[in-house]
Structures are given as C-alpha cells and as structure tokens.
1. Rounded, prolate or oblate: which fits the stretch A:57-286, taking a ≥ b ≥ c as square roots of the Cα gyration tensor eigenvalues, rounded meaning a/c under 1.5, else prolate when a/b beats b/c?
2. Show log10 I(q)/I(0) for the stretch A:163-279 at q = 0.10 Å⁻¹, two decimals, from a solvent-free Debye sum over equal Cα scatterers.
3. Pick from B:40, B:54, B:17: which is most flexible by mean-square fluctuation in a GNM of chain B where alpha carbon atoms under 10 Å apart are linked?
4. Taking the alpha-carbon centroid of each part, what is the distance from the stretch B:139-216 to the stretch A:38-75 in angstrom?
5. Got a sec? How would A:215, A:243, A:266 order by Cβ neighbour count within 10 Å, fewest to most?
6. Relative contact order for the stretch B:145-277 using alpha-carbon pairs under 8 Å, separation at least 6, rounded to a whole percent?
7. For the stretch A:206-229 and the stretch B:221-242, what is the separation of their Cα centres, given in Å?
8. From the square roots a ≥ b ≥ c of the eigenvalues of the alpha-carbon gyration tensor of the stretch B:12-103, which class results: rounded (a/c under 1.5), prolate (a/b over b/c), or oblate?
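Laboratory data are not the source of any read-out in this text; all were calculated from the coordinates shown. What you are looking at is a predicted structure, and each value in this text was computed from that prediction instead of being measured. Here the Cβ is made from the backbone with ideal geometry for all residues, glycine too, and neighbour counts use every protein chain on show.
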C-alpha cells in the first residue's frame, strides 16, 4: 500500500474506508448482530405484551381496564405522577440553578448526592421510608399524634416515588444550564429585571427542552415504579394500589390477560415517552 | 471597582435554591437513608453478622452478585457493539433504533417482569425452544440474568456513544497511514479510549442489577437457597415485620452500591482525563 493510496481512501467522511471490501463485511455482520439482539431482547417482548393483552379479544381487554379496581389503580397512578413530577421539577430547577450559577464548597458532594437514588435499590428506598415515617419509625409517634398516616397510604406512595425519581430533572438541566453560562441572566438583572422576570423570560426559554426531556423520563419512572411503592403501599385494593401493583396482583391470581391488558396501557405510555424523547433529541440536534 | 463587581455574583436565588435543594433532599432521601445506619447500629455487631451470613441471606447475595455480574458483562459486550454500529455505520431506521434502545428505562419493571417470565416460561414463545434442549429459563438463575440483561441494556450504549462520537478520526487516520492494520487500530487506538466508558457502563448496569426488584421477582420464582435475590430477602423480612433483619441486609447492599458509585465516578474522571490528553 502506497501512502498515496491510503490518503485517497482515508479522506471521505465516513470513517475508515481503506480496505473497503473487508470493512463492509464487518459492517454487515455487526449490524445484523445488533438487529438480532434487539429483536430478541426488545422487540419480541414488546410485541408479546400486546399479543397477550388481546389474546382473549377486545371485550376482555376493555373489561380488564375498566373494572373498578383497575380504574382506581389508574387514578391513583395519575395522582402520584401529577404530584411528584411537578415537585421534582421545582427541585430539579433549584438544584441545577444552585450548581451551575454559584460557586460554593461541597458542590461535588452535592452532585454525587443528587445521583444517589439511582444507586439505591428501590426496595431499600421503601425500607428507609418505613423506618423513618412508619408506625414504628422515628416520626411514627409524632405522625400518629397529628393523625397523619404516611406509610401504607397514599402519601407514602408519593414520597417513595419522589425518592426514586429525584435525579431525573436535575441531571438533565445541569449540563444544559452549564452550557448556557450566566451572561444572559446577568444582563437581564443589570438591565433591571427582577428575579422572577429573569427566570421566566431568559432562563426558562433556554432550558425548556431539557426540562421537558427530564420531565417525561421522570413521569415514566413515576408511573412505572414498583419496588419502592410496593414496600410502602400496603397493597390495599381500590385504595393504595398503583397500576404496577395492580398488574402484580392480577398476574399472581393467574388473570394473565387482564394483567397484560393493564401492562399494555403502561407500555403504550412508555412508547409515547420514547417517541417524545427521540423527537426532542432530533430537535435539539437540528438547532 | 470593576474587579469587585465582577467577583460579586449578581444572580439572585442562591438562598432560595439552596433551601429548596437541601430541604427536598434531606427530607426525602438523606434523613430516611441515615435511618438504615442508625437502625443497624442498634442491632449490635454480633447480631448483624449473624443475619447477613445466615445461609439463606448469604445465598441470596451470591445469586444477586453472580447474575448481576454476568448480565453486566453481556451488556458490556453487546452495548459496545450497539454503540459502535449506531455511531459508525449508516443504515435505514437508525434514529428509531437509537430511541428504541431506551425501552428498558421507559417500560415499568413489573411489566418487563411478567412479560419475560411468560416469554421464557416452559411454553412461552422463546422458552419452548429451550425446553427442547431441556433448558429451563424461568425460575432459574438464567432467567434472573436475562431479566437483568434486559434492564441494563441501555447503560453501556449510552456511556460509550458520546465518547465514540467525540473521538477524533485523525488519530485513526494517522494510525492507518502509518500502516496499522484494522485490528491494530481498534485494539491500540480505539479500544483504550472506549475502555473507561465501557467500565463505567458496566458498573452502572451491575449496580442496577444488584438492586433490581420489579423485573426479577417474577422470573426468579423466589425459591429459598435457589433463586432468591437480595432485594427479595429484604422484602420478605419486611413482610414479617423483621425490620432489624431487613436493615442489616440493606446495609451490606448499600455499602456495595456506594463502592460502585465511587468506582463509576473515578472511571468517568479517568475517561475525561483521557479525552483531554488526546486533544
């Protein structure tokens, strides 16, 4: 191989194109391997959910998702998401603002602490909440006195969801705000805007896509959380059952079609989440 | 004067954002999490050791460890392959597949759990093929590993992808023009750069696998001394209101998770350092 030849071959943008024929072979083998792996591990399971859900016909399907227990599970799941996602947004914005716009000691530790819930098993998340808020927990006697029940009731489910979803919005916003810098906000302030105006007119428009991205991921996790919620819920049918817990009960009672029917609703939501996510990524890439 | 002005941060909201951040984190995560250590310190060293080394618990740790390790290993290999194909090759449907990779993150774990259990059951779509060879998947450690492979699939892909995208082609081209073969380029130029993100993704998948509950609990079958995982042991102790026992098991898992977290952080630092050096 002369250097001239290599040069000519290397020039094109598509990576290493020298020894073209051989590389193409590797390419097709690798692409096929990837497709095979993804079909077996992702596509087949996904299709299977819907096949199983409609196995006994549309009537059984709709009966399964409209029976009272299912409806109350859906309602509770929506309630949990409606409360925990906005709270997570407030926290995420505050934490990202703090970390990217100010210098202070212990920033690195704070960053690690924000990621902490990802490293903790959901079951342990549930356990620690029981230890803290539970009837025999540290706050137990106090909560009992003021008549507030957290564990084995709805507030516990919401707190458990807040625990496991804590990092979602913050970790999406931090890189976005970091890249943004703070000159624009400083300009707004020195031109006389108050904090609120600056936030609504300068900060929010520049972080909205990152925020939306974090929110849909947070929402997906909030709706699907199983382990942590399972520990703190107490599994009271029609009261403290979320959709994933309802699926578990149906499955353990061998009502497979009904279990997969409710599961298919959540899968649909997962697909919508992926779609929005891909759309945001495509958008931000284009701009 | 100017200098002083520059030093002073004019942006508002330090107190407010600090307050919200600390309040939220302390109340939801940090204080509850510290309960584990307080609760277990009341247990006493002797009882603590007795619980975490009891046959059943020790076996559950072993199963959790082994399955999470194997699953993370498989994910490291295929994650690298998928990231490579997605970054380096053009083919139809690439963007859809790229988005599809995150399915395990978006799909509720319980849904993944019942789906994989039915799919790999004796008569399931995939399980029946293995039945022909008398291989049982559901309700065995193999099933647990498959569930963890599903859950951990995106980690390595998402760690490797950005590094591969930012990798400068010039280095490879230089190696090629100096006469290096494809294998040499991959092993000596590309792979060393990819090793830190692969390891970081591996640790993330491993840590997730250790703690995973929803997707595993269905396919595991939870037979004592056979397919019980550590998170399930915590759950079963809790159901018997044995808080001390549950806490002791949790402490060991937390310590392991923290070690994983530290390793991941170090690897990411190493990876970043690597990037700067090559620039």
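1. Working: a/c = 2.53, a/b = 1.51, b/c = 1.68.
In terms of gyration-tensor shape, oblate.
2. With no solvent term, the Cα-only Debye profile gives -0.48.
3. In this elastic network of chain B, the residue with the biggest mean-square fluctuation among B:40, B:54, B:17 is B:17.
4. Rounded to whole Å, the Cα centres lie 34 Å apart.
5. Numbers: A:215 20, A:243 27, A:266 23.
Listed from fewest to most nearby Cβ atoms, that is A:215, A:266, A:243.
6. Numbers: 102 pairs, mean separation 39.8, N = 133.
Here the relative contact order equals 30 percent.
7. 29
8. Numbers: a/c = 4.78, a/b = 1.31, b/c = 3.64.
Note, shape of the stretch B:12-103 comes out oblate.
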